């Protein structure tokens, strides 16, 4: 999709959804995860996830980095699509550019917290996000919290773990078959 076509689609989509539903399929997890997006706390990040979900860009994207006891990362719409070469998954983003950090008082203190992935630059989040398996306090104030799982944490807990370096997948990863914005 060209940048112009994506911009037109973005303008036609709702500004921010209250959440998303993720249909997960794979060797580990099968089911639906519901996430409440914190549109009042991280409006730019919630808007980005809404736009990408509405445009169908998250459909077919794999969980490319999954570390037991820590988190499951997904959302690389550039390299993480199951139909492509997923060996580069985790290195890409969307055509929409970087988002500045939106830090809050919300802590990474429980399973189900959803954060935005980024590079070393705190203002480099784009399309990738992660879902926590449990508390990890050192992330608080370092990564934007964009939401929380409100249904399907049991599905999150079954996502296939990465056995490669830094949680990289070996073999077929679990995939976000369909991601839908919820109004």
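Read the figures in this text as sums done on the coordinates, not as results from a lab. Small disclaimer: the values here were computed from a predicted structure and weren't measured. Ideal geometry is used to build each Cβ from the backbone, glycine not excepted, and the neighbour counts take in all protein chains shown.
Can you tell me how segment 128-183 classifies by the Cα gyration tensor, rounded, prolate or oblate, using a/c under 1.5 as the rounded cut?
Details: a/c = 1.79, a/b = 1.10, b/c = 1.63.
Cα axes put segment 128-183 in the oblate bin.
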Worksheet item: In whole Å, what is the distance between the alpha-carbon centres of segment 102-117 and segment 38-94?
Response: 16 Å
Discussion item. Ranking request for peptides 124-133, 160-169: highest mean number of other beta-carbon atoms within 10 Å first, then the rest in descending order.
Written reply: 124-133, 160-169
Worksheet item: Which order results if 50, 150 are arranged by neighbouring Cβ count within 10 Å, fewest first?
Response: 150, 50
Worksheet item: Rule-of-thumb check for the chain: C-alpha Rg over 2.2 N^0.38 Å?
Response: 0.93
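How much length, in nm to one decimal, is gained on full extension between residue 157 and residue 18, taken as 0.36 nm per residue of separation minus their Cα-Cα distance? Numbers along the way, then the final one.
Numbers: separation 139, 0.36 × 139 = 50.04 nm, distance 2.30 nm.
Separation in residues times 0.36 nm, less the Cα-Cα distance, equals 47.7 nm.
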